[in-house]
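To start, the structure under review is shown below, and the notes come after it.
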Amino acid sequence: MHDCRLLRGVLRSSRPANIPTLFTNAAAAWASVRGAELPLPALSGGVVLMGLCFYLYGMWENDRVDARWDAARYPDRPVPCGAVSVSVLRLLSLAAGLSGLVLNMALGGEFAVGALLLIVISLYNVFHKLWSGSIVLMGLCRGVWVLAAGLAFARSGGESVPPPALLWYAFGLFLFTCVISAVARREAGRPQVQRAVTVLLSGMCLFDAVWLLGFGFLLWARFRLIMGGNAAAAEARLPGHIGLS
């Protein structure tokens, strides 16, 4: 019985409803780096798992750091209600953070970027109740995560420098996440704001879908342009071709 309660507490603390955004973030990062190539299942799965480890580190650390705050204002949260202890969350978050860092390196990613992501997540968890500007830190969490994913994808293709498309995507996701965080800071006791936050979180998957569609259209247009140029060049090489000026 106690084990079931602990498991439920850990799951609640992990906020599983937000996990699908990791899949769409990784897909958009892949498209930004590798274009129209089909994703490699093993590599893509490893990158999503890396993102999940970093995400769980952030969620579990958040509940651990906010334990006293939640006890005074949200007694139904996993730690105040006794479903999970601070020490358990500390152990789980440490394991998740180290696992994310190891996976990042194993997938060919940049150690400095993985370490930076852990630092930014930690800073957000420490300051988000004290500083309204912490929405920037939350935006950086998402932005740096997709940079880590994109670098792993780039290294697998023999590239050492991320393409501009990845940087633009990371910047767009950073801004979108800042907006979500700014709205979420005003959700306490406001059902309408809470619904708006839910819609915006769902909208992150839509943001990724729009990016994928837009980027796919640009790739298609570029392909048509290249094919058209090749056809014109081939026609010009035909015997008896007369160029019109």
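We did not get these values from a lab; they are worked out from the coordinates using the rules stated. Because the structure is predicted, anything quoted here is derived from the model rather than measured. No Cβ is skipped: glycine too gets one built from the backbone with ideal geometry, and neighbour counts run over all protein chains shown.
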Cα-centre dipole for region 31-113 with unit charges at Cβ (Lys and Arg positive, Asp and Glu negative), debye to 20: 140
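In terms of the ratio Rg/(2.2 N^0.38 Å) built on C-alpha atoms, what value belongs to region 94-161?
Working: Rg = 13.1 Å, N = 68, 2.2 N^0.38 = 10.9 Å.
Against the compact-globule rule of thumb, the ratio is 1.20.
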For region 1-40 versus region 110-127, the gap between their alpha-carbon centres in whole angstrom: 18
Where only alpha carbons of region 47-99 are counted, the Rg and the Dmax (Å): 11.7, 38
Set of region 149-176 residues, backbone N closer than 17 Å to the point 7 Å along the Cα-Cβ line of Leu116: 149-155, 160-175
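For Ala36 and Arg73, FRET efficiency with R0 = 41 Å and r from the beta-carbon atoms, rounded to 0.05?
With a Förster radius of 41 Å, E is 0.25.
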³J(HN,Hα), Karplus 6.51/-1.76/1.60, whole Hz, each residue of region 116-122, x for Gly, Pro: 4, 4, 4, 5, 5, 4, 5
Prolate/oblate/rounded call for region 1-109, Cα gyration tensor, a/c under 1.5 rounded: prolate
Under the Karplus curve 6.51 cos²θ - 1.76 cosθ + 1.60, θ = phi - 60°, whole-Hz ³J(HN,Hα) for region 25-36, x wherever Gly or Pro sits: 4, 5, 5, 5, 5, 4, 4, 5, 9, 10, x, 8
